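Novice: This structure is in structure tokens; I'll ask about it shortly.
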Amino acid sequence: MDEKKNVVQEVMDGLTNWARVNSPWVLHFNSGSCNGCDIEILATLTPRYDLERLGVRLEASPRHADVLLCTGAVTRQARERLIRIYEQMHEPKFVVAIGSCALSGGVFRGCYNVMNGIEEVIPVDAYIPGCPPRPEAIIDGVVKLLNSLSPANHQITVADRNDKPSTEKAVEE
Amino acid sequence: MPDTAASKRFTVPIGPQHPALKEPGHFEFTVDGEIVTNAYVRLGYAHRGIEKAAESRNWVQNLYLLERVCGICSHIHGFAYSLAVERLANIEAPPRAQAIRVIVAELERIHSHLLWMGVSAHEAGFDTLFMYSWRDRETIMDVLEGLTGNRVNYSANVLGGVKFDVTPTQADIIRKGLTFLEERTKHYLDVIMHDTMFLQRTRGIGVMTRSQAEVMGALGPTARASNVQRDLRVEAPYAAYKDFPVQMVLDTRGDLEARFEVRINELFESYRLINQILDNLPEGELNVRVPRRIPAGEMIVRLEAPRGEVFYFIKSNGTDKLERLKVRTPTICNMTSVVRLSVGHQLADVPMILAGIDPCFSCNDRTVQIRQADGGAQPNGLSSLMSWEELRQYAIRKYEAR
Ligand code: SF4
């Protein structure tokens, strides 16, 4: 009985993973960037670069999204929101930090109102450097993330994700 | 549900993360049925503390920091800052550098207006126009990249001039790009003026009369669409605008359609201006040396960004760092009009009204603390903060005492 259930579970996991890799829905959040990265993200979705051909779709609600594309050095006001959005997303979820200031604070590092990067607030899966990164770089980053998820490499299940650092620590402090 | 007034009145919160805006801003609209009865905006999510950070960096480093005040109109910030520093140091960039600065500023205006046209068409649900205008915008991005080496944040300025030259080959590439865009823009103007569906979303929506625009302090194309003659390139020409005058584009209707038409007609003006400058590019040096320490003094510079007037105040104390920097960008001035104009419109029109001013949150989010002149009456040694009402009374007293 148990075995049967496991097989069903496995098939289902495989299916969802297949769907996720082939059509990830992304959510975009600007945590206090200069806009440069945001317009480049938008540019990747428009005809010249067309991220949609990889099945990527820009989604409006955190509850429907698989991947969070996040820009900006995280200002103190945006921090709470970023955590809230991250927590509203369903497991498994992935975060892509886009732009130098999302990685480390960039030019804004050390400003009194910034947290010096997304990593300081929520766990990040992929980093795309550049100020701003070119659309090709953003596509490359997303493709690399997708490749790392594809069943050929390994399957990401909820259990795998559990050993990621949770946001709770960040919230508590 | 009981049919009371309270059950019909409802507050719709929007943001700071929401699909229509790419930037964080929070809005609350009180609606009665479909009609907005009250609007409230909370800004500040993108406040990073750039003005303070600028005080701890040297003159050259600040150039690159200030370009990142806003990624869409990054050149104008570098332009304003270098102009201010040059005026403080009492030097002038060579004419060729001034002309190249203006070329980049106009290219930036083109990219910004095309970007805006796409985004606001998207707000109207007209995604075809969004995709087309962004496709064509890539032409300008290519030109900017070829010229400066970067698509966004191009850092064309150095203190005392510009970083690169415009060679005849590059001039030809720019001309070719502009010819293509001019054709496309004619088509867009036609679409915006004649597409019945689109006109239903723009004609007579968000009307701002001239006196309203003046009272609310609207700037840039938003004001010009209400027939307010306010364009620093014409009123107080700077750099190469002195030698290459521009024509102010005005409209009397003040609705969204007028704002679309003003911006698109400005595109034609920019194409013409760039071509004119390219044909008459002054010869000479690209930059002059600027001392490492800038003489003490204060300087104000106002430039016309794609969205309106950018204001820079710089105070130097004679060292290699500045003492105080103040930046004011046009969106904060135009934001009042969004709050006022939304009232009485349908909720569905609000994104369009907001997009109509071409908002840019990353550059308008800054804090101001005004302290009493009581010289450290508080235990922490700081003067006490002034409340809004105190500030108002103070201003009235000061004004009357003049
Ligand atoms: S990385 Fe650069 S372009 Fe991107 S948001 Fe930060 S400052 Fe702007």
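Novice: Which links in B:186/B:242; A:93/B:326; B:176/B:321 stretch past 31 Å when you go from one Cα to the other?
Specialist: A:93/B:326; B:176/B:321
Novice: How many nm separate the modelled label positions at residue B:395 and residue B:200, each set 7 Å beyond the Cα in the direction of the Cβ?
Specialist: Going by the 7 Å Cα→Cβ label model, 4.2 nm.
Novice: When the C-alpha atoms of chain B are aligned to their principal axes, what extent does each axis show, in angstrom, from largest down?
Specialist: Projected onto the principal axes, the Cα atoms of chain B cover 76, 65, 38 Å.
Novice: With labels modelled as points extended 7 Å from the Cα through the Cβ direction, what inter-label distance (nm, one decimal) is found for residue B:61 paired with residue B:346?
Specialist: 5.3 nm
Novice: Quick one, could you list the DSSP H helices from chain B stretching 20 Å or more along their long axis (Cα atoms) with average Kyte-Doolittle hydropathy of 0.0 or above?
Specialist: Membrane-span-like by this criterion, though nothing is claimed about a membrane: B:74-88, B:95-123.
Novice: In nm, to one decimal, how far is the residue B:34 label point from the residue A:84 one, both placed 7 Å along Cα→Cβ?
Specialist: Going from the residue B:34 label point to the residue A:84 one covers 2.9 nm.
Novice: Using only C-alpha positions, report the orientation-averaged shadow area of the convex hull of the protein assembly as shown, nm², one decimal.
Specialist: Computed as one quarter of the Cα hull surface, the answer is 32.5 nm².
Novice: Could you list which residues have their amide H under 5 Å from that of residue A:59, counting only those 5 or more apart in sequence or on another chain, with H placed in the peptide plane?
Specialist: Correct list: A:26, A:27, A:28.
Novice: Moving on. Cut-off 16 Å, label point 7 angstrom out along Cα-to-Cβ of residue B:165: give me the residues of the stretch B:138-154 whose amide nitrogen falls inside.
Specialist: B:147-148
Novice: Could you pull out every Cys in chain B that lacks a partner Cys with its beta carbon under 4.7 Å away?
Specialist: Taking the Cβ cut-off of 4.7 Å, the unpaired cysteines of chain B are B:73, B:333, B:360.
Novice: Along the Cα-to-Cβ line of residue B:189, 7 Å from the Cα, sits a label point; which residues in the stretch B:270-292 have backbone N less than 19 Å from it?
Specialist: B:270-277
We did not get these values from a lab; they are worked out from the coordinates using the rules stated. Predicted, not measured: the structure shown is a model, and the values here were computed from it. A quick note on method: Cβ atoms are made from the backbone with ideal geometry, for glycine too, and the neighbour counts reach across all protein chains shown.
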